[in-house]
Ligand SMILES: [Zn+2]
């Protein structure tokens, strides 16, 4: 009898697959099920899985076997094996399994401090602010404020609402200080200079310094476009204020609390959105966007989405859901996507996708069929017209984004589930979804794939499509610089200089935030006491990696410009991109990008991609309000 030796990382990946198939399903049920009993049961299951995973990740015997296989099995490993093995080991080390006993105790203590302070901080991010009687009377405000946005024409009211909502909060600062301090100690315990250094493992830009160069590069290279857009807003602001202030005092500055309002005003006046919305409403419905996406992926990769009937009891909710089968040109099934678009109070907020089961090569030489769930809050699922209810262009873009994630998993053909589909570093996993946004934002693509469900021969007029796009992409430079500044804050608050100072109370996060924003956006005035970062959830989830979105957008922009801009339905590049996506996280992001771009983009090339895009979009006409 021939006895075949099974590699250790294959066994660990198999165990992990069995756990994920149940744990990921439980998580999806916990977030989406309409029946409270199911949600509660799923929550209990999720908790038990967390404990099981934690106990396996701290299992020294399992870790040591895997670690020694790096050497004992080295002659039998290819590149993907080696990378998967390294990622599995990294997961164990994330749980402190490799540390000495007393360090391990410290590690556990710090991890729970990170979890607790992070959870407390997040609970408070969306806190409601009370307004005093005097201000209620003076500004005509309710007793509580839920958001920083006031589109009042009264500038002092806008300022008051914004600054009250974002006022520095001592309790939030304490939670944040604890979070930063624990993360910093955790990073140092595991041999890193700071948490910002530790967080860059396996990422495209690879280290803290490259990330910093990239982000300041974006700020500098987008400066001209940023100032052009700002000048348009200053002009509007001056027109609004011409009766209020001495014209000689119209300095070339603008306040952060006014940015949102002035952009809103510009879009209202510059584009006839009401007329365009009327004209395009029949074209932008849930089913037309879904069909448009299917048409696009059929032309790019030969993959079609076909609706399947639902079996009774198959779904977690009965209204506003459907099941799609992804099939190739020979009608072979590639995977299943469930889409839940109903708005319901019990459903978790936010648009997202769940990988309930991912692609993996099985021991019987078949592929495990991926199952994805998309959750979007688009329509009233109980309306009999829900498929044909109008949605905004922004929602259409979001649908393309989330379907882009789903297609990444559908196209996956990895040996291991640990690196399947979207299980790759976030700066890469957001590229397929961002690229889909470039497709839907192209005038030619949009008018050719988005058709009315009832009259498919009708095409959206080029004028209406162009207006929608111009409005959507106005002020891209301001948005990009703002995102880069938030990324810099998130990086530096975890960085080697600020983190120890914040941990010891020598600096507050508000001071750091003010400093970074003043350097990144010097013409925008702000109150030193304004603490946007006290409401910035992402500090907890992304910890020194919020910038990944910008890297992914820049990469998607390069792919779009180099491969699809001139020929958006190119099957040659479509097939190439499908092949790149099939590797999931099995290779380093730079290796994958080289396959589609022909070169490995540096942080400089990524910066230039974003700045070119903002130059192109920053030519806004001045308007009279
Ligand atoms: Zn995404």
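The values are calculated or read from the model by the stated rules, or taken from the named source; none is laboratory data. Bear in mind the structure is a predicted one, so any value in this text is a computation, not a measurement. Neighbour counts are summed over all protein chains in view; Cβ atoms, including those assigned to glycine, are modelled from backbone coordinates with ideal geometry.
Odds and ends about this structure:
- Here region 367-385 is the region considered, the condition is being part of a loop (DSSP other than H, G, I, E, B) and closer than 22 Å to residue 12 by Cα, and the residue that is farthest from the ligand (Cβ to nearest atom) is 369.
- Residue within region 344-366 that is in contact (Cβ under 8 Å) with a residue 24 or more places away in the chain, away from the ligand (no atom under 16 Å from the Cβ), exposed (fewer than 15 other Cβ atoms within 10 Å of the Cβ) and not in a loop (DSSP other than H, G, I, E, B) present: no
- Candidates are the residues of region 389-406 that are more than 16 Å from residue 343 (Cα to Cα) and out of contact with any helix residue (DSSP H, G or I) (no Cβ under 6 Å at 6 or more places or on another chain); the one that is nearest to the ligand (Cβ to nearest atom) is 402.
- Residue within region 480-497 that is more than 16 Å from the ligand (Cβ to nearest atom), surrounded by fewer than 18 Cβ atoms within 10 Å (Cβ to Cβ) and either touching a residue at least 40 places away in the same chain (Cβ under 8 Å) or part of a loop (DSSP other than H, G, I, E, B) (or both) present: yes
- All conditions but one from (1) assigned to a loop (DSSP other than H, G, I, E, B); (2) more than 16 Å from the ligand (Cβ to nearest atom); (3) in contact with a strand residue (DSSP E or B) (Cβ under 9 Å, 6 or more places away or on another chain) apply to residue 330; the one that does not is (3).
- Test: residue 10 is modelled with pLDDT under 95, in a helix (DSSP H, G or I), in contact with a helix residue (DSSP H, G or I) (Cβ under 7 Å, 6 or more places away or on another chain) and more than 26 Å from residue 190 (Cβ to Cβ): no
- Residue check for residue 504: within 24 Å of residue 568 (Cα to Cα), away from the ligand (no atom under 16 Å from the Cβ) and either at pLDDT 95 or above or in contact with a helix residue (DSSP H, G or I) (Cβ under 9 Å, 6 or more places away or on another chain) (or both): no
- Boolean, residue 99 is over 25 Å from the mean Cα position of the chain (by Cα) and not in a helix (DSSP H, G or I): yes
- Scanning region 305-322 for residues that are surrounded by fewer than 18 Cβ atoms within 10 Å (Cβ to Cβ) and not in a loop (DSSP other than H, G, I, E, B), we see that the one that is farthest from the chain's Cα centre (by Cα) is 308.
- Filter result (within 16 Å of the ligand (Cβ to nearest atom) and farther than 11 Å from residue 568 by Cα) within region 437-473: 437, 441
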